[in-house]
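For reference, the structure is listed below as structure tokens.
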Amino acid sequence: VARKVGICTGGGDAPGLNAVLRAFVKTVVRGGEWEVIGIEDAFNGLLETPHRVQHLDLRSCQGLLHKGGTVLGTTNRGNPFTLKNDDGTVDRTPSLVAAARELGLEGIVSVGGDGSLGIALRLMRERGLPMIGVPKTIDNDLSATDWTFGFQSAVEVARDALDRLHTTAESHDRVMFLEVMGRDTGHIALHAGIAGGADVILLPEIPWNPELVARKILARRAIGRRFTLVVVAEGAVPTDLAHLDLRARKQATSAEGGAGALAMKRVGALVDAEMRLTVLGHLQRGGSPIAFDRILATRLGVGAGELVLAGRWGEMVRIRDDHVGGVPLEEAVAQLRTVDPAGELVRVARATGIEFGG
Ligand code: F6P
């Protein structure tokens with residue numbers, strides 16, 4: 001009788017999820033001892049009757065390497081410990097654990113961001129369900145791993161958008177604002193901004209002063225550069241909102257139509273220039289992973305498979321200093337990784353004349 005392991009993808013999707021599934025299945029089934037059960041839509045596939053699961057074998061992995069999204073489906077809503085229904089909030093984890101037992105799963109591999117990995121840790125600690133984590137987010141904001149797959153693909157989309165905005169900005173002498181994702185961190189904005197030749201980058205980690213952005217636009221004009229490219233991370237805030245906590249910051253920028261709209265409004269009040277805003281949104285999450293992410297996702301998928309074969313439940317596979325290995329799940333979810341305002345990348349950007357507004 002084969003031993004069974006479950007795998008699910010949770011949280012927002014990221015290019016490379018299918019490449020992880022493929023590499024994981026190939027690694028785990030090779031010895032002929034294990035079978036892989038894919039759970040649909042994060043843990044939801046276990047909470048519904050009949051269960052929504054798929055047998056993942058070598059055949060079901062065909063053609064998955066380059067495919068965007070996740071063939072298992074995902075959701076970034078709902079936590080099985082506190083699911084909302086008509087009567088309020090219910091803890092569905094006893095049913096989840098019962099379903100896993102019924103299917104004969106020895107444990108579950110959860111491919112997710114800080115939310116899903118936090119749930120995985122609680123399922124293991126509080127419900128005794130063996131779990132292994134695989135880090136995933138386009139935001140690259142998990143401190144326990146150097147890189148998350150999907151990030152570089154998202155940066156590439158934003159870089160391409162900047163290249164395109166560059167030519168039209170130059171033709172029209174306009175100030176172009178590009179709002180990019182990243183939730184509460186500015187990694188996508190910083191990387192895309194440097195790669196795409198942005199003049200200004202606004203990050204959540206460096207509250208920005210509209211005066212400094214206006215000055216940069218005018219300084220460029222003075223040397224004959226009559227256009228400016230401004231990258232705005234969705235979590236960026238001007239200095240007067242910097243004292244707010246993350247939730248209040250989000251509310252304040254949403255009320256203004258988002259971080260990009262707010263930046264355009266504040267800077268527009270100080271400089272007489274034609275301005276336009278592009279909000280890149282989910283284009284950054286869709287489509288095929290770039291080569292870097294296919295390789296990273298494959299490495300992490302193999303790494304997760306090896307953790308299962310070695311019985312190392314309770315760990316998350318990660319990459320550190322170009323080495324793939326395991327780290328306790330506790331450590332994996334402990335800390336958000338933010339952009340270091342004094343770090344090398346910000347320093348390099350400043351050295352090349354990029355303005356951060358603070
Ligand atoms: O965490 C990934 C991410 O794409 C963030 O960059 C963004 O803030 C969020 O998810 C968007 O979530 P949704 O897909 O629910 O709009």
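Please treat every number below as a calculation from the coordinates, not as lab data. All figures in this text were calculated on a predicted structure; none of them were measured in a lab. Don't worry about glycine lacking a Cβ; one is built from the backbone with ideal geometry, like all the others, and counts go over all protein chains shown.
In debye, nearest 20, what is the charge dipole magnitude of segment 1-145 about its Cα centre with +1 on Lys and Arg Cβ and -1 on Asp and Glu Cβ, if you could check?
Details: 16 positive and 16 negative charges, 82 e Å.
Roughly 400 debye, rounded to the nearest 20.
Quick one: dipole size for segment 68-175, taken about the Cα centre, charges +1 on Lys/Arg Cβ and -1 on Asp/Glu Cβ, in debye to the nearest 20. Write down the numbers at each step before the final one.
Values: 11 positive and 15 negative charges, 75 e Å.
Computed charge dipole of segment 68-175: roughly 360 debye.
Can you give me the convex hull volume of the Cα atoms of segment 223-298, divided per residue and expressed in Å³?
Values: hull volume 13.1 nm³, N = 76.
Looking at segment 223-298, the number lands at 173 Å³ per residue.
Can you figure out the FRET efficiency of Thr49 with Ser171, using R₀ = 56 Å and their beta-carbon distance, to the nearest 0.05?
Details: r = 59 Å, r/R0 = 1.05.
The value I calculate is 0.40.
Using only alpha carbon positions, build the gyration tensor of segment 1-141, then give the equivalent ellipsoid semi-axes as the square roots of 5 times its eigenvalues, largest first, whole angstrom.
Details: eigenvalues 107, 68, 34 Å².
Taking √(5λ) for each eigenvalue gives 23, 18, 13 Å, largest first.
In a GNM of the chain with a 10 Å cut-off on Cα contacts, which of Gly235, Gly78, Gly31 has the highest mean-square fluctuation?
Taking springs between Cα atoms under 10 Å, the residue moving most is Gly31.
Output the peptides 130-140, 211-221 sorted from most to least packed, where packing is the average of other Cβ atoms within 10 Å over each peptide's residues. Working shown, then result.
Values: 130-140: 27.1, 211-221: 17.7.
Sorting 130-140, 211-221 by mean packing, highest first, produces 130-140, 211-221.
How large, in Å, is segment 231-358 by the Kirkwood hydrodynamic radius built from its alpha-carbon pairs? Don't skip to the end; give the middle numbers.
Details: mean 1/r = 0.0537 Å⁻¹.
Kirkwood radius, segment 231-358: 18.6 Å.
Where the only charges are on Cβ atoms (+1 Lys, Arg; -1 Asp, Glu), what is the dipole of the chain about its Cα centre, to the nearest 20 debye?
Details: 41 positive and 43 negative charges, 90 e Å.
Roughly 440 debye, rounded to the nearest 20.
Once the principal axes of the Cα atoms of segment 7-89 are found, what is the range along each, listed largest first in whole angstroms?
Sorted largest first, the three principal extents are 46, 28, 17 Å.
Arrange the peptides 328-339, 88-99, 55-66, 106-117 so that the one whose residues have, on average, the most other Cβ atoms within 10 Å appears first. Could you put the intermediate results ahead of the total?
Details: 328-339: 17.6, 88-99: 15.8, 55-66: 14.2, 106-117: 24.8.
So the peptides 328-339, 88-99, 55-66, 106-117, ranked by packing, come out 106-117, 328-339, 88-99, 55-66.
Could you tell me the relative contact order of the chain? Use alpha-carbon pairs under 8 Å, at least six residues apart, and round to a whole percent.
Working: 798 pairs, mean separation 80.9, N = 358.
Reported as a whole number, the value is 23 percent.
Using a 10 angstrom cutoff on alpha carbons, build the Gaussian network for the chain and name the most mobile of Leu277, Leu262, Leu244.
Highest fluctuation among the options: Leu244.
First obtain the Kirkwood hydrodynamic radius of segment 148-207 from its Cα pairs, then insert it into the Stokes-Einstein equation at 10 °C and 1.306 mPa s, and state the resulting D in µm² per second as a whole number. If you can, show how the numbers build up before the last one.
Details: Rh = 11.9 Å.
Roughly 134 µm²/s, to the nearest whole number.
Starting from 0.36 nm per residue, how many nanometres of slack lie between Asp91 and Arg226 once their C-alpha separation is accounted for?
Working: separation 135, 0.36 × 135 = 48.60 nm, distance 5.78 nm.
Residue separation times 0.36 nm, minus the Cα-Cα distance, leaves 42.8 nm.
Can you sort Phe81, Phe149 by how many other beta carbons sit within 10 Å, fewest first?
Details: Phe81 17, Phe149 33.
Lowest count first: Phe81, Phe149.
Any chance you could list P(r) for the chain, counting all Cα-Cα pairs in 10 angstrom bins from zero, rounded to whole %?
6, 24, 29, 21, 14, 6, 1, 0
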